[in-house]
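The values are calculated or read from the model by the stated rules, or taken from the named source; none is laboratory data. Predicted, not measured: the structure shown is a model, and the values here were computed from it. Positions of Cβ are generated from backbone atoms using ideal geometry, with glycine treated the same way; all protein chains shown enter the neighbour counts. Heavy atoms of the whole protein, side chains included, go into the accessibility calculation; ligands, DNA and RNA do not. Shrake-Rupley method; radii C 1.70, N 1.55, O 1.52, S 1.80 Å.
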Amino acid sequence: MNAPRLSIEPLGIAKRDGEGWRTTWRVTNPEPESVRIVAAVAPHSQFRGETSLDREVRGKASTQFSLVVRTRGATGSEIENAFVILLIGQGEDRWRLLARLRVSLEEGARPRPRVETVTVQRVGFSGEL
């Protein structure tokens, strides 16, 4: 089975949520087959968060999800090489969507992520989970 061709983009402005920031994301699936998003993680030390999901993205459709992240950095700075990683199920296959980000920290260190590149890799392609 071919890798899913999905796109991801941040939506709106991050809102304070406890110690972190609630970011909202849209995932679009241009293919006819549905996929399922089962998790989202932002592993960067300055842009970190994770959530379990169970979201179907039907063919030729999109879905949205929220991810609360904690940021470290000063207002006006940028975080380079941050990622949002989605774990995707497509039939019996598992994939990782890696969205490489540049995150500007606005007033109050509010994150404004921008997607720079998106790649998709089969889970286990390198012998690891």
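Once backbone amide H atoms are built at 1.01 Å from N, S77 has L105 as its partners under 5 Å, excluding neighbours fewer than 5 places away on the same chain. At a probe radius of 1.4 angstrom, the accessible area of region 22-129 per residue rounds to 54 square angstrom. Selection among V57, V68, V84 by position relative to the dipole of the chain gives V68 as farthest towards the positive end (Cβ unit charges, Cα centre).
In this structure, A39 and T75 have a Cβ-Cβ separation that, at R0 = 41 Å, corresponds to a calculated FRET efficiency of about 0.85. Among the chymotrypsin sites (Phe, Trp or Tyr not before Pro) in region 78-128, those located in a DSSP loop and surrounded by at most 11 other Cβ atoms within 10 Å of their own Cβ are F125. Under a Cβ-Cβ cut-off of 11 Å, what is the net charge of the residues other than G12 that fall near it, where Lys and Arg count +1 and Asp and Glu count -1? Combined, the nearby Lys, Arg, Asp and Glu give +3. Kirkwood analysis of the Cα pair distances in region 7-47 returns a hydrodynamic radius of 12.5 Å. For the chain, with all protein chains in place and a probe radius of 1.4 Å, 44% of the accessible heavy-atom surface sits on carbon or sulfur. Loop-located GluC sites (Glu not before Pro) in region 48-127 (DSSP state not H, G, I, E or B) with no more than 12 neighbouring Cβ atoms inside 10 Å: E92. The charge dipole of region 25-129, taken about its Cα centre with unit charges on the Cβ of Lys, Arg, Asp and Glu (plus for the first two, minus for the last two), comes to roughly 200 debye.
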